[in-house]
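Participant: Dropping a structure here in structure tokens format, bear with me for questions.
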Amino acid sequence: MCRTHTARSPRHRLYSRLVRVADHYRERPAWWALAAAALASFLLHIPFLTTPLSVDEGGYGYVAQWWARGADLYGDVWVDRPQGLLLLYRAALALPGGHTVDIRLMAALWSSAIAVVLGLLITNLAGRRAGAVAALLSGLLSTAPVIEGFTANGELMATLPALIALALTARWQVRGGLRLMFVAGLFAGAGFLVKQSGYDGGLAAGLWLLLAAWRGWRPAGEALRALGALAGGVAAIIGLAALHGALTGWHDWWFAVADYRLSVESVATGSVSERFSLFTDSLRTAGPVVGALAVLAIPGLWLALKRRESVLIALWFVLSLTGFAIGGLFHGHYYVGPLTPLCALAALTIAAFPARVGIAVFLAVLVLPAYKAWPSYTADGTRERSLASSSDSRIVSDGDVGRYLNAHTRPDDRIYALYADAGLYLAAGRRSPYPYLWFLGIAHIPGALQRLRDTLAGRDAPRYIAVYQQPETIDKRGDIGRTLRTRYRQVATVDGVPIWRLRGS
């Protein structure tokens, strides 16, 4: 008996090794699917490379441009976003091309990379088939025009570093290593510094490590040391941003990246019924893209909770919903944030079906998004494509208004979009004498309206004003309207936008 057992042991060990190799092969990423997802995402962006920038894209580009030229960030030029997003825009604008193409090319590359990294993450946590489905869903749906998926919005740009942090955490689950978790922390911190809602990836990783220590999924010491390394990476990145804020104006930085959202513009401020109305209105637009994914995500969430490693996905999804809700305005691009974890959970459900059923469900998910995207992709010309993908008329007028103002001003002349078209300044290549570019900031930031009154009535008044909203819309006292009529005169109307010039200039 002993000799028989001894004789069979080498064969048994060889067989076990082959089984492990076969299992490892089955769980290797489906690189063809990941490459196809990245290519599909990039190709779907191509028709939008030359469509006019959104108001937010133009505003971010303007702030980044003048920050690069020496303006005081959060002082002379203001935006309620951390430095990370503006650094990305600075990098895009440094490319040798037009502003629109550079920014949209950045969005296309970002979206393609998200599809690949998502595929790698889900392959590690749930297998090859689920990873392939997740990558393809992300690549095909993330560019949806109805959620402004083709734009370089903050949600898209923050998703990639947050997702990399999650992928490194999933890798740590297999390999261990404090260095890996420190790097994950660096990416998690970068996600937050691109957009505040980018905390979801890093926080999900941290909560999973706490659960691992508490539930005994990992030795408590190992999990807590990994959590410390993760926190160290996050602290290093956010610490650098805070140091920059302290050197350039701590109060201004803190108000822009934290206090503005917490005390002025968030789901916790304003009317509850108004916020709920904005949310339901947004669902009418975004529903065709996220509706089927949300239905499939319900069983996917249950499947994710069945395995300790994939609980990471469930945590990420829940936290992405908190980031979605905190903003409170529920613009279309808000849905870009939870879209990626929705693709992940839906992929778990689809991968659990038999192959033919899974393919049918996968194709069914794409029907409504394709139907809603069809007018944008078949539109004749960039202007028509922009109108088909946005209800904001300012976007399509920025080019003509910007060219008029550029032609009628010197490089050092100032212009102003009353009250708000943040994208006009980048289109015109001219600077505003007033730091606040977005409508709600002017309406709600303490002292912002009075500062605008003083600017328009003072020595630094802009040479030209493009009127997008009537002065009484915000200034109920009528001071801005009186200043406009006494100090300016209307000299043109461009694409329906009245242009007023400072008298005697």
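The values are calculated or read from the model by the stated rules, or taken from the named source; none is laboratory data. Because the structure is predicted, anything quoted here is derived from the model rather than measured. Cβ: placed from backbone, ideal geometry, glycine included. Neighbour counts: every protein chain shown. To get the accessible areas, we keep the full protein, side chains included, count just its heavy atoms, and leave off ligands, DNA and RNA. Shrake-Rupley method; radii C 1.70, N 1.55, O 1.52, S 1.80 Å.
Participant: How would segment 286-343 be classified by its alpha-carbon gyration tensor: rounded, prolate or oblate, with rounded meaning a/c under 1.5 and the a/b versus b/c comparison settling the rest?
Facilitator: oblate
Participant: Would you compute, from DSSP H runs of 4+ residues alone, the mean residue ellipticity of the chain at 222 nm, taking -39500 (n - 2.57) per run and dividing by the full residue count, rounded to the nearest 500?
Facilitator: One gets -23000 deg cm²/dmol as the mean residue ellipticity at 222 nm.
Participant: Would you kindly derive the ³J(HN,Hα) couplings of segment 376-386 from the backbone phi angles with the Karplus curve 6.51 cos²θ - 1.76 cosθ + 1.60 (θ = phi - 60°), listing them in order in whole Hz, with x for Gly and Pro?
Facilitator: Those phi angles translate into 5, 7, 9, 5, 9, x, 5, 4, 5, 5, 5 Hz.
Participant: To the nearest 20 Debye, how big is the dipole of segment 316-444 about its Cα centre, given +1 on the beta carbon of each Lys and Arg and -1 on that of each Asp and Glu?
Facilitator: It works out to roughly 120 debye.
Participant: Relative to the compact globular guide of 2.2 N^0.38 Å, what is the alpha carbon radius of gyration of segment 229-316, as a ratio?
Facilitator: Taking the Cα Rg and dividing by 2.2 N^0.38 Å, one obtains 1.61.
Participant: Would you kindly derive the ³J(HN,Hα) couplings of segment 44-57 from the backbone phi angles with the Karplus curve 6.51 cos²θ - 1.76 cosθ + 1.60 (θ = phi - 60°), listing them in order in whole Hz, with x for Gly and Pro?
Facilitator: Karplus values, whole Hz, x for Gly and Pro: 5, 7, 4, x, 9, 5, 10, 6, x, 5, 5, 4, 5, 4.
Participant: State the Kirkwood hydrodynamic radius of segment 154-202 in Å, one decimal place, computed from all pairs of distinct Cα atoms.
Facilitator: Taking the inverse mean of 1/r over all distinct Cα pairs, segment 154-202 comes out at 10.2 Å.
Participant: First select every other residue whose beta carbon is under 15 angstrom from the beta carbon of Leu342; then total the charges, Lys and Arg +1, Asp and Glu -1.
Facilitator: Local net charge: -2.
Participant: I'm a student and want to see the number: the projected area of the Cα convex hull of segment 338-489, averaged over all directions, in nm².
Facilitator: Averaging across all directions leaves 13.1 nm² for the Cα convex hull.
Participant: A further question on this structure: Determine, at each q value in 0.20 (inverse angstroms), the log₁₀ of I(q)/I(0) that the Debye formula gives when each Cα of segment 144-257 is one equal point scatterer.
Facilitator: -0.97
Participant: Something else about it: Might you work out the accessible area of Lys372 for me, using a 1.4 Å probe with all protein chains in place, and round it to the nearest 10 Å²?
Facilitator: Accessible surface of Lys372 is approximately 80 Å².
Participant: Give a residue-ordered list of calculated ³J(HN,Hα) values for segment 278-286 (Karplus: 6.51 cos²θ - 1.76 cosθ + 1.60, θ = phi - 60°; whole Hz; x for Gly, Pro).
Facilitator: Values, residue by residue: 4, 5, 5, 4, 5, 5, 4, 7, 7 Hz.
Participant: Moving on. About its Cα centre, how strong a charge dipole does segment 154-301 have in debye, to the nearest 20, once Lys and Arg get +1 and Asp and Glu get -1 at the Cβ?
Facilitator: 660
Participant: OK, next. All other residues with a Cβ under 12 Å from the Cβ of Lys195 taken together, and with Lys, Arg as +1 and Asp, Glu as -1, what is their net charge?
Facilitator: Spelling it out: positives minus negatives among the neighbours equals -2.
Participant: Something else now. In degrees, nearest 10, range 0 to 90: what is the angle between the Cα axis of helix 154-175 and the longest Cα principal axis of the chain?
Facilitator: So the helix axis and the longest Cα principal axis differ by about 20 degrees.
Participant: Can you pull the three principal axis extents for the Cα set of segment 438-505, in Å, largest first?
Facilitator: Computed over segment 438-505, the largest-to-smallest principal extents equal 32, 28, 18 Å.
Participant: Just to compare against my own numbers: the Cα pair-distance distribution for segment 241-379, 5 Å bins, whole % per bin, please.
Facilitator: Reading upward from the zero bin: 2, 9, 14, 15, 15, 14, 12, 9, 6, 3, 1, 0.
Participant: Dipole magnitude of the chain about its Cα centre, charges +1 at Lys/Arg Cβ and -1 at Asp/Glu Cβ only, in debye to the nearest 20?
Facilitator: 1800
Participant: Sticking with this one: By the scheme Lys and Arg +1, Asp and Glu -1, what is the net charge of all other residues having a beta-carbon under 11 Å from that of Thr248?
Facilitator: Here the count lands on -3.
Participant: What value in Å³ per residue do you get for the convex hull of the alpha-carbon atoms in segment 46-183?
Facilitator: Cα-based convex hull of segment 46-183, divided per residue, equals 127 Å³.
Participant: For the chain, place one equal point scatterer on every Cα, skip the solvent, and apply the Debye formula. What is log10 of I(q)/I(0) at q = 0.08, 0.09, 0.13 Å⁻¹?
Facilitator: Treating every Cα as an identical point scatterer, log10 I(q)/I(0) equals -0.54, -0.67, -1.26.
Participant: Turning to a different aspect of this structure: Compute the long axis of helix 336-352 from its Cα atoms, compare it with the longest principal axis of the Cα atoms of the chain, and write down the angle in degrees, 0 to 90, nearest 10.
Facilitator: Orientation of helix 336-352: about 20 degrees from the principal axis.
Participant: Another question, if that's okay. Before anything else, pin down the relative contact order of segment 391-495: Cα pairs under 8 Å, at least 6 apart, normalised by residue count, whole percent.
Facilitator: Answer for segment 391-495 is 30 percent.
Participant: In whole Å, how far is the Cα centre of segment 35-51 from that of segment 464-505?
Facilitator: One Cα centre to the other: 40 Å.
Participant: Relative contact order of the chain: what whole-number percent is it, with Cα pairs under 8 angstrom and at least 6 residues apart?
Facilitator: 16
Participant: Tell me, what are the semi-axes, in whole angstrom and largest first, of the equivalent ellipsoid of segment 35-96 as set by the roots of 5 times the Cα gyration tensor eigenvalues?
Facilitator: Calculated on Cα positions only, the semi-axes equal 27, 12, 11 Å.
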